[in-house]
Amino acid sequence: NSSESHNCAKSILTSDRLQIVVTLSEFFNETWEAANCANCLKNSSEGLSNSTVEFLDLFNKSLTCFEHNLQGQTIYLSPNNYTEVCKNCNETYKKLNDLYNNLQRMNRQGGESGHSAHLCIDVEDAMNITRKLWSRTFNCSVPCSDTVPVIAVSSFILFLPIVFYLSSFLHSKQKKRILILPKRIQSNASLVNIQEKYS
């Protein structure tokens, strides 16, 4: 009966001094919660959610693309030799990255699993691995779209003082310099003339 099964469970869980079963149960429950594992599952936890399956499928396609384009090459080649990987796997990587960003956005709003937190650790680890391979190992960097506006604004700000001082120089009135002879020089000259007359 139920009372006996409850007593049986209690005696099993607390039978040893370390209570190893309880400790292990708490450890696995805490790990499950910390890894947000429920966020990869459907609401009823009957299996992986559709978005997780789609993400893992694209992740596997990306890794397959990387491996396919690296056949016959060693992993420690110089970055110049990974242009084939960057070129051929760019579309697959971009789809995977876009899907990951969409999953993050969806998950903040509750998502398929009904939990609003981080994505589950399997999805986050898969994306971290892919991004590390893409940027560090293969050196496939996508140029930042903000670069051109930043350079344009910086150039404008740097040349603004030059334009200001140049325009103020050109628009200011330049005074003509008039040489004024000192009166002493004239008086000395007239004194010399007077002396010449008397001599």
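The values are calculated or read from the model by the stated rules, or taken from the named source; none is laboratory data. All of these numbers come straight from a predicted model, not from anything done at the bench. When we count neighbours, we look across all protein chains shown, and the Cβ atoms used for this are built from the backbone with ideal geometry, even at glycine. Ligands, DNA and RNA are excluded from the accessible area calculation, which covers all protein heavy atoms including side chains. Shrake-Rupley method; radii C 1.70, N 1.55, O 1.52, S 1.80 Å.
Within segment 15-39, the set of residues being among the polar types (S, T, N, Q) and either at positive phi or surrounded by 12 or more Cβ atoms within 10 Å (Cβ to Cβ) (or both) comprises 19, 25, 36, 39. In segment 54-62, the condition of being open to solvent by 60 Å² or more (accessible area, probe 1.4 Å) and of a type in the set (Ser, Thr, Tyr) is met by no residue.
The rows are residues; the columns are (1) out of contact with any helix residue (DSSP H, G or I) (no Cβ under 8 Å at 6 or more places or on another chain); (2) loosely packed, with under 10 Cβ neighbours inside 10 Å; (3) modelled with pLDDT of 75 or more.
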| position | (1), (2), (3) |
| --- | --- |
| 144 | yes, yes, no |
| 150 | yes, no, yes |
| 158 | yes, yes, yes |
| 179 | yes, yes, no |
| 187 | yes, no, no |
